[in-house]
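Here the structure is laid out as structure tokens; the discussion comes afterwards.
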Amino acid sequence: MSTTDTTGLPGYAPVPRSALGPALNEQGYYVGRVERNLYWVTDGTYQSAFLTTSDGVVLLDAPPSIGHNIQRAVDEIASANGVSNKVNYLIYSHHHADHVGASSLFDKNVTRIGHEETRRLLLRDDDPARPPNEETFQDNWTLQIGGERIDLAWHGPNHTPDTIFIHLPDHETLMLVDIVNPGWAPVFLANLTEDIPGYLEAPAKALAYSWKHYIAGHLGRLGTREDIALHQQYMADIAESSRKALDTVDLTPYFVKYGDNPWAAFKGGLEEWVATAAAPVIEKYTGVLAAADVFTESTTFQVMQSIRLDLGYGSWVHP
């Protein structure tokens, strides 16, 4: 295996303390109570959650980076509270392997639940680590498991075509994965989002629910309603700055320079569009959102292309 020389890698702004969560234990995880019998687990980068009930444990996602530590966390809580540690239900937030790729660690008889599109995509992907969910729904489904209520809802595509809202009203908690990273900027391409208009609408839909605790699926702490509002403003600033860049940056010099190579010209112009749009957002949010200086250009690229291609902004029609 080759070794990367890190001496030439860029430096980035310090991570704000407010973005960080609790310390991990020696086994590399943290488990804590969200509300009553609802708990969350993190390895500092990914998150899972579980509900202890009279009908066994209901697990919400199974990220492979947490892996066997999910069961260790369940065992720890079950032992401390004298309840069952047996996972009988597993709810998928969506089909991506980084969030449900440890599903196969749990018994084949576990009832797996998710959106109908999640099942279709998992059948297509044929990944033995992610057994397709047997139980499906289309728009809304209220589960009653061991006396506990879990409301599942699909509000259209956003991060993926199948990402769902998981609301636990009696625990004042919403789980919505890969939309907002509490305390942090989105990673590459707006959290690798497939549908930017849906992604931009999702936080308002999240705030329409009643909740105090937000399980985001990523990073080391739970989220708040204030985290959602900050993310909304960050994304709105990216969109506004993108429109300004589309209106003001002239690509003509790139087409003059590269002549009969339009792809080279477009690459140069697109990079200037993105850099121009991202610069004021990076300046505003560095020190406010962790990694704003790392990923804002990438997210700006994705948002700008949606503004151009989905919304038709800045389209030019030859006279």
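The values are calculated or read from the model by the stated rules, or taken from the named source; none is laboratory data. All figures in this text were calculated on a predicted structure; none of them were measured in a lab. Positions of Cβ are generated from backbone atoms using ideal geometry, with glycine treated the same way; all protein chains shown enter the neighbour counts.
Observations on the model:
- Tallying residues that are surrounded by fewer than 15 Cβ atoms within 10 Å (Cβ to Cβ) and part of a strand (DSSP E or B) within the range 136-160 yields 4.
- Some residue of the range 231-249 being among the hydroxyl-bearing types (Ser, Thr, Tyr), touching an Asp or Glu at 6+ places or on another chain (Cβ under 8 Å), buried (at least 21 other Cβ atoms within 10 Å of the Cβ) and outside any loop (DSSP other than H, G, I, E, B): no
- Some residue of the range 38-52 being surrounded by fewer than 17 Cβ atoms within 10 Å (Cβ to Cβ) and not in a loop (DSSP other than H, G, I, E, B): no
- Tally of residues being within 20 Å of the chain's Cα centre (by Cα), assigned to a loop (DSSP other than H, G, I, E, B) and hydrophobic (A, V, I, L, M, F, W, C) across the range 96-128: 1
- Residue satisfying all of: in the range 161-205; crowded, with 24+ Cβ neighbours inside 10 Å and among the small types (Gly, Ala, Ser); farthest from Glu35 (Cα to Cα) among these: Ala190
- Residue within the range 173-183 that is free of Cβ contacts under 8 Å to residues at least 24 places away in the same chain, outside the structural domain of Lys267 (by TED's automatic domain parsing) and assigned to a loop (DSSP other than H, G, I, E, B) present: no
- From the list Val274, Val256, the lone residue that is under 18 Å from Phe301 (Cα atoms) and not aromatic (Phe, Trp, Tyr) is Val274.
- Filtered by the rule that a residue be of a type in the set (Gly, Ala, Ser) and surrounded by 13 or more Cβ atoms within 10 Å (Cβ to Cβ), the range 14-37 gives Ala19, Gly21, Gly28, Gly32.
- Taking first residues from the range 1-25 that are under 23 Å from Thr286 (Cα atoms) and partners that are in a loop (DSSP other than H, G, I, E, B) and of a type in the set (Val, Ile, Thr), the Cβ contacts under 8 Å between residues at least 6 apart in sequence or on separate chains come to Ala13/Thr286; Pro16/Val288.
- Failed item in (1) assigned to a loop (DSSP other than H, G, I, E, B); (2) touching a His at 6+ places or on another chain (Cβ under 7 Å); (3) more than 19 Å from Ala49 (Cα to Cα), with Ser93 passing the rest: (3)
- Of all residues in the range 205-226, those that are within 15 Å of Leu152 (Cα to Cα), touching a residue at least 24 places away in the same chain (Cβ under 8 Å) and in a loop (DSSP other than H, G, I, E, B) total 3.
- Of all the criteria given as (1) within 10 Å of the chain's Cα centre (by Cα); (2) farther than 20 Å from Asp151 by Cβ, the one not satisfied by Gly217 is (2).
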